[in-house]
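The values are calculated or read from the model by the stated rules, or taken from the named source; none is laboratory data. Predicted model, so just to flag it, every value in this text is computed and none were measured. We place every Cβ from the backbone using ideal geometry, glycine too, and count neighbours over all the protein chains shown. Just the protein is used for accessible areas: all its heavy atoms, side chains included, with ligands, DNA and RNA removed. Shrake-Rupley method; radii C 1.70, N 1.55, O 1.52, S 1.80 Å.
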Amino acid sequence: MENFTASAPGKVILFGEHFVVYGEPAIAVALDLRVEATAYRCEKSIVEGLRTPLVERAIEEALRFVNRSGEAVCVRLRSNLPISVGLGSSAATAVAVIASITGLFGVKPSRDRLFRMALEVEKTVHVNPSGIDPAISVNGGAILYRRGRGIEPIKLGGDFTLVIGNTGVPRSTGAMVEKVRLFAENHPRVMDRLRAAASSIASEALEALEKGDVEKLGRLMDVNHGLLEAIGVSSLELERLVYAARRAGALGAKLTGAGGGGCMVALVAGKRVEAVVEAIRKAGGEPMVAPISRVGVLYGNG
Ligand code: MEV
């Protein structure tokens with residue numbers, strides 16, 4: 001085979017970011033916005049499209065898995081997922097690159113193995129990843145994730161739309177995770193209480209998601225946002241979009257991902273979607289109705 005294409009989705013975290021790094025449960029949903037990688041044999045390794053140290057690590061990891069360490073392989077990348085805004089582009093890139101190269105050599109790692117390889121790669125860009133981003137990117141759909149315990153797929157009930165608002169402010173996941181580490185080091189007892197609250201929120205949210213209790217879900221998102229603000233990962237730009245969405249009738253709104261910039265997400269009942277989209281735009285954000293994806297990693301072109 002001359003070339004092999006694989007793709008992997010981005011994600012939005014609905015509950016538990018940051019606290020998941022400390023072992024608390026978190027809930028994420030895959031987005032139908034994907035990074036696509038095409039691997040092909042060549043004389044000298046080249047990455048086309050996106051050049052990051054992460055891609056080189058992903059290539060190494062995949063070649064080691066297929067017992068071809070040190071051989072040349074080229075990768076072409078395409079993405080309709082916004083990069084570095086908290087929507088899981090690093091993990092999706094790692095998963096897609098590894099899957100395309102293993103596919104090129106006719107091997108398909110188990111989902112768990114692919115997850116573990118992508119997690120190793122993610123450590124290149126931030127030192128202490130919980131694994132939630134590669135877990136949702138590999139599996140798709142909606143998951144409850146707990147560090148070291150893996151995933152539980154969630155059946156989404158209820159009628160709601162997720163509206164994402166991008167502040168356009170760049171941020172680094174590694175730096176935000178480090179900021180929270182310092183907070184936890186300086187305020188260990190406060191952090192313990194906040195962790196316990198985050199854990200209760202995620203379990204109640206799981207029940208509400210399965211029952212389709214959207215009002216309760218929205219309230220829990222607001223509370224979760226409060227905890228994230230408390231540990232120092234919100235920003236004025238994020239607050240503006242969160243408040244604008246709530247004022248326009250969202251059932252709940254919170255920052256999503258690492259924070260410090262990047263994106264927020266609002267839970268919206270059907271009839272308010274347009275109003276929330278407009279409110280986010282007026283508040284200076286770039287709104288997007290989130291396309292939810294059941295599909296995780298995809299081997300081949302379809
Ligand atoms: C980043 O998408 C989510 C964080 O919780 C970091 C991680 O879990 O690795 C901020």
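Quick rundown of the values:
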| quantity | calculated |
| --- | --- |
| Single residue of V138, V125 found to be at pLDDT 95 or above and out of contact with any His (no Cβ under 8 Å at 6 or more places or on another chain) | V138 |
| Strands (runs of 3 or more DSSP E) contained in the stretch 71-162 and holding at least 3 residues more than 22 Å from L206 (Cβ to Cβ) | 74-79 |
| Within the stretch 163-196, tally of residues that are in contact (Cβ under 8 Å) with a residue 12 or more places away in the chain and either small (G, A, S) or in a loop (DSSP other than H, G, I, E, B) (or both) | 10 |
| From R195, R219, residue being in contact with an Asp or Glu (Cβ under 6 Å, 6 or more places away or on another chain) and open to solvent by 30 Å² or more (accessible area, probe 1.4 Å) | R195 |
| Options A96, A39; residue that is crowded, with 23+ Cβ neighbours inside 10 Å, modelled with pLDDT of 95 or more, in the same structural domain as A142 (by TED's automatic domain parsing) and touching a Cys at 6+ places or on another chain (Cβ under 9 Å) | A39 |
| Of all residues in the stretch 147-177 being open to solvent by 40 Å² or more (accessible area, probe 1.4 Å) and within 11 Å of the ligand (Cβ to nearest atom), the one that is nearest to G284 (Cα to Cα) | S172 |
| Residue within the stretch 69-84 that is open to solvent by 50 Å² or more (accessible area, probe 1.4 Å), under 19 Å from A258 (Cα atoms) and at pLDDT below 95 present | yes |
| The one condition in (1) more than 19 Å from the chain's Cα centre (by Cα); (2) within 16 Å of the ligand (Cβ to nearest atom); (3) touching a residue at least 60 places away in the same chain (Cβ under 8 Å) that G232 fails to fulfil | (3) |
| Selection count, the stretch 22-36, where residues are open to solvent by 20 Å² or more (accessible area, probe 1.4 Å) and within 12 Å of the ligand (Cβ to nearest atom) | 3 |
